[in-house]
Amino acid sequence: MNPEQRIQELSEKLHYYNDRYYQESVSEISDYEFDQLLKELQALENQYPEFKQDDSPTQRVGGTVTKAFNAVYHRYPMLSLDNTYNEEELRSFDDRVRRGLDGEAYEYICELKFDGISLSFTYENGVLVRGVTRGDGTRGDEITNNVKTIRSLPLRVKADNLPPLFEIRGEGFMPTSSFQKLNEEMDTLGENQYANPRNAASGSFKLQDSAETARRGLDCYLYYFLSDDDYFKSHEESLLGIKSWGFNVSPGWKKVSNIDEVIEYIHEWEEKRMHLPLATDGIVIKVNSFAQQKELGFTAKSPRWAISYKYKAENKPAVLRMVTYQVGRTGAVTPVANLCDLSERALPYNQVKGVHLSGTRVKRATLHNANELERLGIRIGDTVFVEKSGEIIPKITGVDVSQREKYETEEIVFPTHCPECDSELQRNEGEVAFFCPNDSHCPPQLKGRIEHFIHRKAMNIESLGEGKIELLFDLDLVRTPADLYDLNYDKLLGLEKNLVNEETGKVKKISFREKTVDNILKGIDLSRTVPFKNVLFALGIRFVGQTVAEKLAAYFKSMRALRAASYDQLVAVPEIGGRIALSIESFFSVPENQLLVERLEQAGLQMEGDEKPVEIESDLLDGKTFVISGVFENFERDELKEKIEANGGKVLSGVSGKLNYLLAGANMGPSKLEKARKLGVTILSEEEFLAMIGN
Ligand SMILES: NC(=O)c1ccc[n+]([C@@H]2O[C@H](COP(=O)([O-])OP(=O)(O)OC[C@H]3O[C@@H](n4cnc5c(N)ncnc54)[C@H](O)[C@@H]3O)[C@@H](O)[C@H]2O)c1
Ligand SMILES: [Zn+2]
């Protein structure tokens, strides 16, 4: 490949990873790999400037604005930071600063580099008026309502001589504890988990529902002050200043007088940072004096007066002692590596402490699935490499094959049967995971279903959280969600169990005293009033998440109607595809599930939606039929449907010759449009429709 082609290839790859990272909060490769690709591109561009593309990823801040929020211009551009992974480059940065300042004395401020998303807050006359993401550096997403959920962020600042207009910047992040909680929740709900706290923070700050953002326990550290006039003389002064105004200034910062002290700071925090309640991925070094910052200026992408030093993820050898297999709520079987330190090879496994990695002891790492085992080519007894970075969950990155001669190793045989219930495992075409099909008897699947059932977004029986289900399940009191409704005071009072955390070995004692029992029973009783759509979601039917449950409930209006629906009737519901329809059909065909639904109904759960009666506005659309497709400016699709019905019209699901109107929004499928044209159906825009009903 010639340099021109390589430049093009690298640019395309980096654009792609940027999109995934900033728009979808997903990292397909590690930050280190990303940064190496970017460095390679930078070097090639320096050597062959003629091939550099105008929009090269080396020239721009990687993010973008999204359509979901208002895009607003930044008063001062929000740039990125140049980065390095080694001391030598750090010293070259120091050389550039020295040369740039022509021999003037200078100081640095060292700060931790928090791993979250960059946020900007504008204050007018002391009042928070705007919170914006970095976006593409010039424009960002306005997420004021979401940033207002950060408890530590002052909504109003009172201090003498405040500048009338100023901006504070900082890092919005998700503390590790919130992250773990959120991921457990995602897991219970059968949704994809976030790979690391940064992606979780970025996704959570960009939710449409601020109440949900508030619940996710986000926080923010502030580390920049900007205003039109020279309010402070140095970064140090500004940090002290905004702190005195009540801002949550990032902890751990330090003023140093030369690059050696910077390097000391880096070493000091390498291990210490692991004990912070949030993820950090390095150190940021900034020239202290604002006058000197001005003198040094900016490149297209980052300030010349700052750089970040990133810690490489720690990677260590370990011994793979055995592989165990975990069965999840959906029946998916995940191989888990059981590891020990090299020095513990001869110890019985129950006595090993694990590998010391990034501040914690690691004994287990996920191996994801059978394909991953094959890809790594590992064997039991192998010396493997374990890594832990922003990912929090440790992973195995490779095998040290040179160690194979020294120790005996053994092939890993993926089980053919479920380790929990002995059913023969299956694998669906196109899926990587093997799963246990015995969803009505396999213990972890049963337990998982009950946990899902009581979840806040399902039946909302929070009084049963935190290990209580485990206790009831292990004591055989609750095997299916319906059993919850047979519990009573006498059955519960005095129950006790010690729960052992497999990872830490810590024991937690749970005991049911009067007050606990009261709370549990009250919670169960209250769940009888939970709306039908939640009940449907609570059943945990595969592919029937919250939104799908809502759609189905709105369409069929009762459990009875849904159960009776044929495949064709199911796929006729807008946005319900074949995969979901099959899953619903198969769920209701299982006798255990039929019994479950019947028992829940007897227990008094809501099995019918409370239909909103249609409020009649006019008879302008009397007898007219509509199909709604695409996305609209002023209405959600459900609202449009209501509007049509309120004016006497009827909404159908499919385009046919009898249809009167196709109400076409943006991004509608071309085939539907084509079909409507062929059949001579009138196609309406949103404005034309509004005109029809006299709006
Ligand atoms: N893995 C992937 O697929 C992928 C894709 C795109 C980008 N990335 C990663 O993201 C990087 C680019 O992101 P970026 O432009 O946000 O750069 P960056 O995250 O390396 O550094 C800049 C950011 O650091 C943050 N920061 C944290 N603490 C700070 C402090 N004390 N002072 C100042 N800023 C602080 C700010 O939000 C600032 O915007 C890449 O270098 C790469 O590591 C990874
Ligand atoms: Zn099983």
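When you look at Glu264, is it more than 16 Å from ligand 2 (Cβ to nearest atom), within 21 Å of Val97 (Cβ to Cβ) and either open to solvent by 60 Å² or more (accessible area, probe 1.4 Å) or within 35 Å of the chain's Cα centre (by Cα) (or both), yes or no?
yes
Taking into account only those residues within the range 30-59 that are under 20 Å from Tyr194 (Cα atoms) and surrounded by 14 or more Cβ atoms within 10 Å (Cβ to Cβ), which is nearest to ligand 2 (Cβ to nearest atom)?
Top of the filtered list is Ser30.
Assess whether Lys255 counts as being in contact with a helix residue (DSSP H, G or I) (Cβ under 7 Å, 6 or more places away or on another chain) and surrounded by fewer than 16 Cβ atoms within 10 Å (Cβ to Cβ).
It is true that Lys255 is in contact with a helix residue (DSSP H, G or I) (Cβ under 7 Å, 6 or more places away or on another chain) and surrounded by fewer than 16 Cβ atoms within 10 Å (Cβ to Cβ).
Hey, any hits in the range 545-556 for a residue that's without any contact (Cβ under 8 Å) to a residue 12 or more places away in the chain and open to solvent by 50 Å² or more (accessible area, probe 1.4 Å)?
Yes, the range 545-556 contains a residue that is without any contact (Cβ under 8 Å) to a residue 12 or more places away in the chain and open to solvent by 50 Å² or more (accessible area, probe 1.4 Å).
Any residue at all in the range 35-47 that's near ligand 1 (Cβ under 8 Å from one of its atoms) and in a helix (DSSP H, G or I)?
yes
Residues that are at pLDDT 90 or above and surrounded by fewer than 19 Cβ atoms within 10 Å (Cβ to Cβ): which strands (runs of 3 or more DSSP E) entirely in the range 324-379 hold 2 or more of them?
333-340
Give Lys316, Lys312 a once-over and let me know the one that is open to solvent by 50 Å² or more (accessible area, probe 1.4 Å) and within 16 Å of ligand 1 (Cβ to nearest atom).
Result of the check over Lys316, Lys312: Lys312.
Mind listing just one residue for me: the one in the range 189-222 that is surrounded by fewer than 21 Cβ atoms within 10 Å (Cβ to Cβ) and part of a helix (DSSP H, G or I) and, of those, farthest from ligand 2 (Cβ to nearest atom)?
Filtering first and then ranking leaves Ser210.
Take the range 394-425 and flag every residue that is surrounded by fewer than 16 Cβ atoms within 10 Å (Cβ to Cβ) and touching a helix residue (DSSP H, G or I) at 6+ places or on another chain (Cβ under 6 Å).
Once the filter is applied, which keeps residues that are surrounded by fewer than 16 Cβ atoms within 10 Å (Cβ to Cβ) and touching a helix residue (DSSP H, G or I) at 6+ places or on another chain (Cβ under 6 Å), the range 394-425 yields only Phe414.
Just one of Glu575, Glu592, Glu601 is among the acidic types (Asp, Glu), in contact with a Lys or Arg (Cβ under 8 Å, 6 or more places away or on another chain) and touching a residue at least 24 places away in the same chain (Cβ under 8 Å); which is it?
Unique residue meeting the criteria: Glu575.
Do the conditions hold for Ala291, that is, is it more than 16 Å from ligand 1 (Cβ to nearest atom), farther than 30 Å from His368 by Cα and in contact with a Lys or Arg (Cβ under 8 Å, 6 or more places away or on another chain)?
yes
Which fully enclosed helices (runs of 4 or more DSSP H) of the range 569-669 have 1 or more residues being within 30 Å of Ala68 (Cβ to Cβ) and under 30 Å from the mean Cα position of the chain (by Cα)?
Of the helices (runs of 4 or more DSSP H) lying wholly inside the range 569-669, those with at least 1 residues that are within 30 Å of Ala68 (Cβ to Cβ) and under 30 Å from the mean Cα position of the chain (by Cα) span 578-589, 637-646.
Looking at the structure I just gave you, is Arg130 open to solvent by 10 Å² or more (accessible area, probe 1.4 Å), touching a strand residue (DSSP E or B) at 6+ places or on another chain (Cβ under 6 Å) and in contact (Cβ under 8 Å) with a residue 24 or more places away in the chain?
Yes: the conditions hold for Arg130.
On the given criteria, is Thr122 more than 11 Å from Gly172 (Cα to Cα), assigned by TED's automatic domain parsing to the domain that holds Ile285, away from ligand 1 (no atom under 14 Å from the Cβ) and under 25 Å from the mean Cα position of the chain (by Cα)? Show your work before the answer.
On the way: more than 11 Å from Gly172 (Cα to Cα): yes; assigned by TED's automatic domain parsing to the domain that holds Ile285: yes; away from ligand 1 (no atom under 14 Å from the Cβ): yes; under 25 Å from the mean Cα position of the chain (by Cα): no.
Answer is no for this residue.
The values are calculated or read from the model by the stated rules, or taken from the named source; none is laboratory data. What you see is a predicted model, and the numbers here were worked out from it, not measured in a lab. Backbone-built Cβ (ideal geometry, glycine too); neighbour counts: all protein chains shown. Remember, those area values only see protein heavy atoms, side chains included, never the ligands or the DNA or RNA. Shrake-Rupley method; radii C 1.70, N 1.55, O 1.52, S 1.80 Å.
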